[in-house]
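Inspection log for the structure reproduced underneath, given as structure tokens.
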Amino acid sequence: MTEIRVRSYHLDGYGHVNNARYLEFLEEARWAFFEQHDLLNHLTGLMMVVSRIDIRYKRAAQENQILRINTHIRSVERREVVLTQTISRSDTGKTVAEADITLVPVSSGSGRSTDLPPELYHFLTQYRSL
């Protein structure tokens, strides 16, 4: 779980978090998830590239609110990992946004998509329900 305080520079002209900022919040939470579960050490020579984002906005977030972002691995296949991320307000627990993020493994050397290395595949499947 990652927490982010909404700052004034996150806001649009309506005083709500700008929709593009949610993508940054989700990215920060993905990095934190990979760090918390020691998954970054398994990415040597490999990049996990976002190939698709399906985001559903539920309600507006405003300045000074604390947002909690929960990240879970929904599915793991040889050539893609799908994460589910939920952004909610810490004070009410109400959902602000939900997203499904598809990541594909790309070789750092060739820049081409590739299979997940067997060790990483196994490691990710262990965290599927977290």
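Brief remarks on what is shown
- The residues packed around Ile73, meaning those with a beta-carbon under 13 Å from its beta-carbon, carry a net charge of 0 if Lys and Arg are +1 and Asp and Glu are -1.
- Loop-located trypsin sites (Lys or Arg not before Pro) in the stretch 1-67 (DSSP state not H, G, I, E or B) with no more than 15 neighbouring Cβ atoms inside 10 Å: Arg7, Lys58, Arg59.
- Ellipticity at 222 nm from helices only: DSSP H runs of n ≥ 4 in the chain, each -39500 (n - 2.57), divided by the residue count, give -6500 deg cm²/dmol.
- For the stretch 18-130, the Cβ-based charge dipole about the Cα centre amounts to some 380 debye (Lys, Arg positive; Asp, Glu negative; other atoms uncharged).
- Cα gyration tensor shape of the stretch 15-78, rounded if a/c is under 1.5, else prolate or oblate by comparing a/b with b/c: prolate
- Geometric extent, Cα atoms of the chain - Rg, Dmax (angstrom): 15.7, 48
Throughout, read-outs are computed from the coordinates displayed, never taken from laboratory work. Every value quoted in this text rests on a predicted model; they were computed, and no experiment measured them. Note that we place each Cβ from the backbone using ideal geometry, even for glycine, and neighbour counts take in every protein chain shown.
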